[in-house]
Amino acid sequence: MTKALVVIDVQKGMFDPNYPPHDGAAVVDRIAALIAKARQAGAPVFFVQHHGEGDHPFQPGKPGYPFHDKLTPQPGDDVTVKRKSSAFHGTDFDSKLKHAGVDHLVITGMQSEYCVTSAIRGAYERGYAITLVSDAHSTGDTRVAKAKDIVAIVNDTTRGSFGDVVPAAEISF
């Protein structure tokens, strides 16, 4: 199997102090370490970037649009811009993965219950093997659930039903 690391929507706008991601700095550090590990192994790295509409903070030119400073794509990395929750919806992400010979996605990013979950399900529907990195995705608190609980729910619903769930320290490429 050819594994690829997928980094979903870790953009500056995700770090709003009014809606901070659970364990945000540590999640970013773990993703950065996974990127380094993937690059060292020669595994492809795919970044997904949300392009919001209207007043959305993830519009080109707005401060929330760029990737987090610690997670900047490098030459050879791929960037897919999406306008919906799933990296697959209305994009060429699937064809890019197939062109690269990828059949196993190692998924990280934000927000757990939105774009990360949508990517997992989109990948599953297309027959990819999936590994969700249990401690390398995050979200913020909502009115009905704490972020740490949302992360745990996404890990639990993914495990076995859609793929493997493994901590960053155990990921290899």
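How large is log10 of I(q)/I(0) for segment 71-173 at q = 0.21 Å⁻¹ when the intensity is taken from the Debye formula with one equal scatterer per alpha-carbon? Computed log10 I(q)/I(0) values: -1.20. Only Cα pairs under 8 Å and 6+ residues apart enter the sum, and on that basis the relative contact order of segment 28-173 stands at 21 percent. Going 7 Å from the Cα of ALA100 along its beta-carbon direction, which residues of segment 1-31 have the amide nitrogen within less than 13 Å of the resulting point? Those under the cut-off are 2-8. In angstrom, the C-alpha Rg and Dmax of the chain are 14.6, 42. Rounded to the nearest 5, the antiparallel percentage of DSSP beta bridges internal to segment 3-170 is 5%.
Backbone amide hydrogens, once placed in the peptide plane, bring HIS137 within less than 5 Å of GLY109, excluding anything fewer than 5 places away on its chain. Proximity of backbone amide H atoms, modeled 1.01 Å from N, is registered between PHE47 and VAL7, ASP78, VAL79, THR80 at under 5 Å, excluding neighbours fewer than 5 places apart on the same chain.
Values in this text are rule-based calculations from the coordinates and carry no lab data. In this text the structure is predicted, and so the values were computed from the model without any measurement. Here Cβ is always computed from backbone atoms with ideal geometry, including for glycine, and neighbour counts include all displayed protein chains.
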